[in-house]
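Student: Handing you this structure, nothing more for now.
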Amino acid sequence: MTYSLVPFALIIIALAIIITIVARRLPQLSLLDVESLPEVKEEKKKDEIIRKKAISKIAETKEKRKKTLAPFFERIRIWRDNFMNYLTRLEKTIVSESKNKKATKQAKMDVSQEEMRAIVRGGDYHLERGELEAAEQKYIEAIKLDAKNVDAYYGLGNVYLRTDHLTEAEETFKFLLKLQPNNCMAVDKLAELAEKKGDTQKAIDYYSKCVLMDDAKASRYAKIAELMLTSGAPDTACEAARQAVDIEPQNPKYLDLFIESSIISGNKKLAEDGFQRLRMVNPENQKLSSFVDRIEKMPD
């Protein structure tokens, strides 16, 4: 048992010796300048080199990015300048238009209703004399001052109708109807336009619409009668002609149309009635003898 304690004792003695040596050297170790060691200096030098390289790399990257993005920023600058110029021009345009609108509004206020009527009458005067360009200028002048002047639109539509600008005439009369839906004169003109274009059915429709608006005008019934004869509907033509004769019983033209449509439709009684009326109204009418022959040949 005494021998087994010997190694343990040796270990204790060795540790005591080490502790004694360290204790004696400790003041010297505390005075040692670690920073002055060559290894430490070398490490710090490496760190400084790496730091400088990193700073240089960052600066180089920034410069490259700046060069790369320069065209983009230049485009943005140009776009911004153009946009600001556009806003400036737009502002000037709005201000200018506002001033023009105010001036036009003031001009409209300054023009009395009597002066407006005088302008339209001036257009009518030129239209009657066949001075179509002067008439157009007057009507347009009136419309500029009053965009809802139906008389001016009606006159302007007639100018276009007289000059065979049929599309413009149709658009003008249709716009007039938007302003005044029950304007029979505009519908009459649209019917006349349809006739000029060879659209018989549309012309009949327009004249029929006129009759519904105002059934006291014989000429509209007469037009329907003429168009119905042309389109092969003599019975309807005969009825329309009779309506025209009822309104104007002594009108030779309407009596002539009534007799003609009665003969074609085969209604001998109505034809004879029309003939007697025409003979009394216009005994010198050259078509009387012809009508007599044709009526006599009709079956009873």
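The values are calculated or read from the model by the stated rules, or taken from the named source; none is laboratory data. Small disclaimer: the values here were computed from a predicted structure and weren't measured. Cβ atoms come from the backbone with ideal geometry, glycine included; neighbour counts cover every protein chain shown. Areas reflect the complete protein model, heavy atoms only, side chains present, ligands, DNA and RNA absent. Shrake-Rupley method; radii C 1.70, N 1.55, O 1.52, S 1.80 Å.
Student: In the neighborhood of Leu255, defined by Cβ-to-Cβ distances under 11 Å, what is the net charge if each Lys or Arg adds +1 and each Asp or Glu adds -1?
Tutor: Combined, the nearby Lys, Arg, Asp and Glu give +1.
Student: Sorted by mean Cβ packing within 10 Å, highest first, what order do the peptides 240-247, 141-148, 154-161 take?
Tutor: Taking the mean over residues of other Cβ atoms within 10 Å, the ranking is 154-161, 240-247, 141-148.
Student: Take the solvent-accessible surface of the protein heavy atoms, probe 1.4 Å, and return the percent of it on the stretch 130-283 that carbon and sulfur atoms account for.
Tutor: Accessible surface attributable to carbon and sulfur in the stretch 130-283 totals 49 percent.
Student: Leaving out ligands and nucleic acids, and using a 1.4 Å probe, what accessible area per residue does the stretch 173-295 come to in Å²?
Tutor: Here the residues of the stretch 173-295 average 52 Å² of exposed surface.
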